[in-house]
Amino acid sequence: MTNLREAPEADLRHLTRTVPNPGARGRLGFSTSQRVFRGILRFCDCFRSIVKASQAITHSFHFQALGSVLVFESLSDGKPETEVTPQMFPEDAVMAAPEDVAALQDEIARREEELASLKQRLAAALAVEPEPERPIPVMPLPSRAALSRDEILRYSRQLLLPELGVRGQLRLAAASVLVVGCGGLGCPLAQYLAAAGVGRLGLVDHDVVETSNLARQVLHGEAQAGHAKAWSAAAALRRLNSAVEYVPYARALSEAWALDLVRGYDVVADCSDNVPTRYLVNDACVLAGRPLVSASALRFEGQMTVYHYDDGPCYRCVFPRPPPAETVTNCADGGVLGVVPGVLGCVQALEVLKIAAGLGTTYSGSMLLFDGLGGHFRRIRLRRRRPDCVVCGQQPTVTCLKNYEAFCGSSATDKCRSLKLLSPEERISVTDYKRLLDSGVPHVLLDVRPQVEVDICRLQHSLHIPLSLLERRDADSLKLLGAALQEEKRNSQEGAALAVYVICKLGNDSQKAVRVLQSLTAVPELDSLKVQDISGGLMAWAAKIDGTFPQY
């Protein structure tokens, strides 16, 4: 354990000083390594206290009282080794039982594993070279007159298709495709494009691989956790087909450079998961004159279409205005079965290959709808290209890219948004709630998540009433709440103040529930009671209070 007592912070701080500032939001560089570095420092601080306590217990020691300080002497050299005040080291820990020693050793082992993981992520972050402010333009791929012997063998099955043949394969080899998003849609899409022999693949994604991605983002593995998705995807694709050129862009797509980027590719595939990016990619494709193959998936359903191709409509023709931010549900909120984006990504890849090989597309002006639960596909016709469209119409007003997060009123990310419906006085942190819970303050904890989430995990002392039932003023649910309040009042000391605390997954639905409870008149027990939501919800509880609580 000697290496743990040395000062790792100095070395780590020295490492972080070598990381140049990338100067671009969302890029993998100083911000990522700095976050990992701070995590390592926190673990080091925790390690020190655990190691000192463990040493004090596991040594054979003598101790003598020196005022309020205990000085422990090691039998190896008899010199004072550790000073521990009563506040630092409780009296009953001196005569520790063997199970206490074992528990401390287990804790140290667990912390060592987590620290090793953080160091590995830091090393990966430091190994990534910073990208320039604007991507270096890619050169057009040269056209070729013939396939090599190896290529004929590799692509022999698709070469036998009369619609494709050698001519179509040569067009694929000279084509470049930009994939925006290396997630549930982008992974299978890029996989089949690489396997088919597309000449160049650009891979745009600012995010890093997380464990929750692995059920659907099939290019990434457990070993890539914490690594940039764009680089992880490029590495996996290179193992599949090393003859294809891969250009990863581990950064958030921005209006400052999206147009230049799109102009360097022949076809664009939108595999993003947020509304601002969809408008940004659409406008860039229209201004650059590139076809856009777009898909989306949620729960058991998905859709796919081709925009701005063969005089078909663009995304703005179909959706002139963005939806209200609070009505948009993403996979983190609503969930998704991994194979659903897999199906849509494969169909998306088919349309990209048809366009790149010169076969055209069957989905310009129409949309494919997929119902995975019902097991059927359906095709619907979209509205025609709008003459008054602001970007592709006869007199366009959008002639350059702009701030699409401001335009849509939401962030260009798939992370769950944080609502701010309540004042600070109407909210309580998980830390403060844990403190009052430990002190036995009388209260009712109301869990307003859907039943499917409660089945995953819950706090055992909570009362479960879904938000949907509260919003409907469901009589049975209100009666259940009233009974719980009466029971808590009977069990508490007379005159003690009673409060209601509301919790959900992230602290969004709980705010809505507080508003509903404040307006209720059907539950007289709520009169004059303090009602607060718990900021950050159960995921904040798992991160800050109970590390064993499941995160989902």
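So here's what we get for this one:
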{"read-out": "Under 9 Å, Cβ to Cβ, from Gln532 - net charge with Lys/Arg +1 and Asp/Glu -1", "value": "-1"}
{"read-out": "Two-site FRET efficiency, Glu114 against Glu487, from Cβ-Cβ distance with R₀ of 45 Å, rounded to 0.05", "value": "0.65"}
{"read-out": "Exposure ranking of Ser156, Ser439 by accessible area [1.4 Å probe, largest first]", "value": "Ser439, Ser156"}
{"read-out": "Ala102 paired with Leu153, simple spin-label distance in nm, labels 7 Å along Cα-to-beta-carbon", "value": "5.9"}
{"read-out": "Relative packing of 215-223, 469-477, 245-253, 272-280, which averages over residues the other C-beta atoms within 10 Å, highest first", "value": "272-280, 245-253, 215-223, 469-477"}
{"read-out": "Exposure of His376 as accessible area (Å², to 10), given a probe of 1.4 Å and all protein chains", "value": "90"}
{"read-out": "Residue-count net charge about Cys346 - beta-carbon cut-off 14 Å; Lys, Arg +1, Asp, Glu -1", "value": "+1"}
{"read-out": "Packing-based order for 290-299, 536-545, 141-150, 423-432, using average beta carbon neighbours within 10 Å, highest first", "value": "290-299, 536-545, 423-432, 141-150"}
{"read-out": "Cα gyration tensor, the stretch 209-351 - rounded (a/c under 1.5), prolate or oblate", "value": "oblate"}
{"read-out": "Rounded FRET efficiency, nearest 0.05, which uses the C-beta distance separating Ile380 from Arg238 and R0 of 35 Å", "value": "0.35"}
{"read-out": "Calculated FRET efficiency for the pair Ala497/Asp474, C-beta based, R₀ 25 Å, to 0.05", "value": "0.35"}
{"read-out": "Karplus-derived HN-Hα couplings along the stretch 476-492 (A = 6.51, B = -1.76, C = 1.60, θ = phi - 60°), whole Hz, x at Gly and Pro", "value": "5, 5, 5, 5, 4, 5, x, 5, 5, 5, 5, 4, 5, 5, 5, 8, 9"}
{"read-out": "Residues with amide H under 5 Å from that of His227, placed H, sequence gap 5 or more", "value": "Val209"}
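The values are calculated or read from the model by the stated rules, or taken from the named source; none is laboratory data. The shown structure was predicted, so the numbers you read here are calculated from the model rather than taken from an experiment. No Cβ is skipped: glycine too gets one built from the backbone with ideal geometry, and neighbour counts run over all protein chains shown. Remember, those area values only see protein heavy atoms, side chains included, never the ligands or the DNA or RNA. Shrake-Rupley method; radii C 1.70, N 1.55, O 1.52, S 1.80 Å.
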